[in-house]
Amino acid sequence: MTASTLDVPAPTGTVGEPVLEIENLSVDYGYTDDATHVLRDVSLTLHRGEVLGLAGESGCGKSTLAYAATRLLPPPGLITSGSVHFTGRDGQRTDVLRQSDAELRASRWQDTAIVFQGAMNSLNPVYRIGRQIADGILAHRPGMRRKEAWDQAASLLEMVGINADRLRDFPHQLSGGMRQRVMIAMALALDPQVLIMDEPTTALDVVMQRQIVEEIADLRERLGFSVVFITHDVSLLIEIADRIAIMYAGDIVEDAGAQDVYRRPRHPYSAALLHSFPPLRGERRELTGIPGSPPDMQKMPPGCPFAPRCAHVTDVCRQVRPVLGPTALADRGGREAERSVACHLHDADLEGIDGTLPADLAR
Ligand SMILES: Nc1ncnc2c1ncn2[C@@H]1O[C@H](COP(=O)(O)OP(=O)(O)O)[C@@H](O)[C@H]1O
Ligand SMILES: [Mg+2]
């Protein structure tokens, strides 16, 4: 098992080739004039073989994004604009939001599978684990014999590091970490190309968190799927993600290589979020937390949503909403050219508004 996967090359396909492209996606909850605009023009690309981390405080829209991108958004959630495209290993590009119900049924779980937030607590307490995994397989393979589905359940369980003997266990006989592994096994049943995991480690203790993260990294390497790993705990992503997108109040505010976000966060919110969680390994740092709370999405401030909490706020920030894009530092080339930030301090035109970036954001 790999301890750190930051430098692990993707096992199949070419890295750089997009597999899931979310463009300008907007989502409302509610259908009337007082609907809450939860996602606002969110764009995010997952590349083949990549682990993309999506982090942000609770309520910023991470789950909404995962549901919308997989057409699983429950009412009163409504996609109001944008597009989602999936490109298969065969190179065929599918417009996910325009798929018919039949096409969706055929492709769901084999193109993109999702491990829902809190799913490990939704296993049926009165059925054995094996039956629940086998039922999941049979739902997609109606012609399959029960024995064959059970055998497949056994290999899936072994694949996620649980002895096949445990197929006869009931959920309460498994630890939280094992139940989460069962959920991962079920999501991998149809050999998906993309695995979206929504807070897969949130309810687990730190030791278990580490084990699950290593398990996912290991499986990704062996099976070659791409991952969107959603968490409110950005420090966890440093362990597993190739790239990290930071979300705040329904916007992606920074999108860059994992090491770049970790070593040199450019958005003041990214920097604040990094200082809110203890790193799982590496140097200890002082935890500061973020003063204030996220804005009420029904009454968003006119400018930058983070302005009321930002230590570097200027007049422009209070008036004009910044757009995600390359920063003035992109001119340096190299890794900075691969970073996008939604912050006026980094605007190329304004050169950090007055030409001088705050020291902590300019290193
Ligand atoms: N069914 C719903 N009706 C109205 N608002 C909702 C609903 N579900 C989520 N929201 C709102 O959408 C925002 C984003 O929620 P969510 O996507 O669950 O965030 P996260 O996963 O980042 O914690 C929150 O402010 C939440 O209150
Ligand atoms: Mg969530």
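The values are calculated or read from the model by the stated rules, or taken from the named source; none is laboratory data. Keep in mind that this is a model prediction, so the values were computed, not measured. Note that each Cβ is placed from the backbone with ideal geometry, even for glycine, and that neighbours are counted across all protein chains shown. Note: accessible area is taken over every heavy atom of the protein model, side chains too, but ligands, DNA and RNA are not part of it. Shrake-Rupley method; radii C 1.70, N 1.55, O 1.52, S 1.80 Å.
The residue that is modelled with the highest pLDDT, among those in segment 86-111 that are exposed (fewer than 15 other Cβ atoms within 10 Å of the Cβ) and acidic (Asp, Glu), is Asp95. Any idea which residue in segment 14-35 is modelled with the highest pLDDT, counting only those that are of a type in the set (Gly, Ala, Ser) and in contact with a Ser or Thr (Cβ under 9 Å, 6 or more places away or on another chain)? Per the stated criteria, the residue is Ser26.
In segment 112-127, the condition of being crowded, with 18+ Cβ neighbours inside 10 Å, hydroxyl-bearing (Ser, Thr, Tyr) and within 16 Å of ligand 2 (Cβ to nearest atom) is met by no residue.
Run down Leu46, Leu72, Leu78 and say which single residue is closer than 26 Å to Gly303 by Cα and either more than 9 Å from ligand 1 (Cβ to nearest atom) or hydroxyl-bearing (Ser, Thr, Tyr) (or both).
Values: Leu46 fails: closer than 26 Å to Gly303 by Cα; Leu72 fails: closer than 26 Å to Gly303 by Cα.
Matching residue, one of Leu46, Leu72, Leu78: Leu78.
Answer yes or no as to whether Met197 is in the same structural domain as Gly59 (by TED's automatic domain parsing) and touching a residue at least 60 places away in the same chain (Cβ under 8 Å).
Details: in the same structural domain as Gly59 (by TED's automatic domain parsing): yes; touching a residue at least 60 places away in the same chain (Cβ under 8 Å): yes.
Taking the combined requirement at face value, the residue satisfies it.
Restricting segment 188-222 to residues that are of a type in the set (Lys, Arg) and open to solvent by 10 Å² or more (accessible area, probe 1.4 Å) leaves a set whose member that is farthest from Glu21 (Cα to Cα) is Arg210.
If a residue counts only when it is touching a residue at least 40 places away in the same chain (Cβ under 8 Å), which strands (runs of 3 or more DSSP E) contained entirely in segment 23-125 have at least 3 such residues?
Details: elements: 36-47, 51-55, 77-87, 93-95, 112-115.
Correct list: 36-47, 51-55, 77-87, 112-115.
Taken as a whole, segment 129-148 holds no residue that is under 24 Å from the mean Cα position of the chain (by Cα), surrounded by fewer than 18 Cβ atoms within 10 Å (Cβ to Cβ) and part of a helix (DSSP H, G or I).
Taken as a whole, the structure leaves Pro278 outside the set of residues that are open to solvent by 10 Å² or more (accessible area, probe 1.4 Å), away from ligand 2 (no atom under 16 Å from the Cβ) and without any contact (Cβ under 8 Å) to a residue 24 or more places away in the chain.
Quick one: how many residues across segment 53-85 are more than 16 Å from ligand 2 (Cβ to nearest atom) and open to solvent by less than 10 Å² (accessible area, probe 1.4 Å)? Outline the logic, then answer.
In the first step, residues of segment 53-85 are kept if they are more than 16 Å from ligand 2 (Cβ to nearest atom); the result is 71, 75-76, 78-85.
Filter once more, keeping what is open to solvent by less than 10 Å² (accessible area, probe 1.4 Å): 84.
Looking only at that region, the number is 1.
For segment 295-308, give me each residue that is part of a helix (DSSP H, G or I) and buried (at least 18 other Cβ atoms within 10 Å of the Cβ). Hit for segment 295-308 is Ala307, nothing else. Hey, does segment 232-244 have a residue that's assigned to a strand (DSSP E or B), away from ligand 1 (no atom under 16 Å from the Cβ) and either open to solvent by less than 10 Å² (accessible area, probe 1.4 Å) or among the β-branched types (Val, Ile, Thr) (or both)? Checked segment 232-244: no residue is assigned to a strand (DSSP E or B), away from ligand 1 (no atom under 16 Å from the Cβ) and either open to solvent by less than 10 Å² (accessible area, probe 1.4 Å) or among the β-branched types (Val, Ile, Thr) (or both). Residues in segment 230-250 that are within 16 Å of ligand 2 (Cβ to nearest atom) and in contact with a Pro (Cβ under 7 Å, 6 or more places away or on another chain): Tyr248, Ala249. Looking at Gly292, Gly250 in this structure, which one is on the phi > 0 side of the Ramachandran plot, assigned by TED's automatic domain parsing to the domain that holds Ser43 and surrounded by fewer than 18 Cβ atoms within 10 Å (Cβ to Cβ)? So the residue among Gly292, Gly250 that is on the phi > 0 side of the Ramachandran plot, assigned by TED's automatic domain parsing to the domain that holds Ser43 and surrounded by fewer than 18 Cβ atoms within 10 Å (Cβ to Cβ) is Gly292.
Among the residues of segment 312-357, which ones are modelled with pLDDT under 85, crowded, with 17+ Cβ neighbours inside 10 Å and not charged (D, E, K, R)?
Here is the first cut: in segment 312-357, the residues modelled with pLDDT under 85 are 328-334, 347-357.
Narrowing the set further to residues that are crowded, with 17+ Cβ neighbours inside 10 Å leaves 328-330, 347, 352-353, 357.
Ala328, Leu329, Ala330, Gly352, Ile353, Leu357, listed by residue number.
Residue-level check: of (1) without any contact (Cβ under 8 Å) to a residue 60 or more places away in the chain; (2) in a helix (DSSP H, G or I), Ala311 misses just (2).
Look at (1) within 27 Å of Gly333 (Cβ to Cβ); (2) within 16 Å of ligand 2 (Cβ to nearest atom) and you find that His267 fails only one, number (2).
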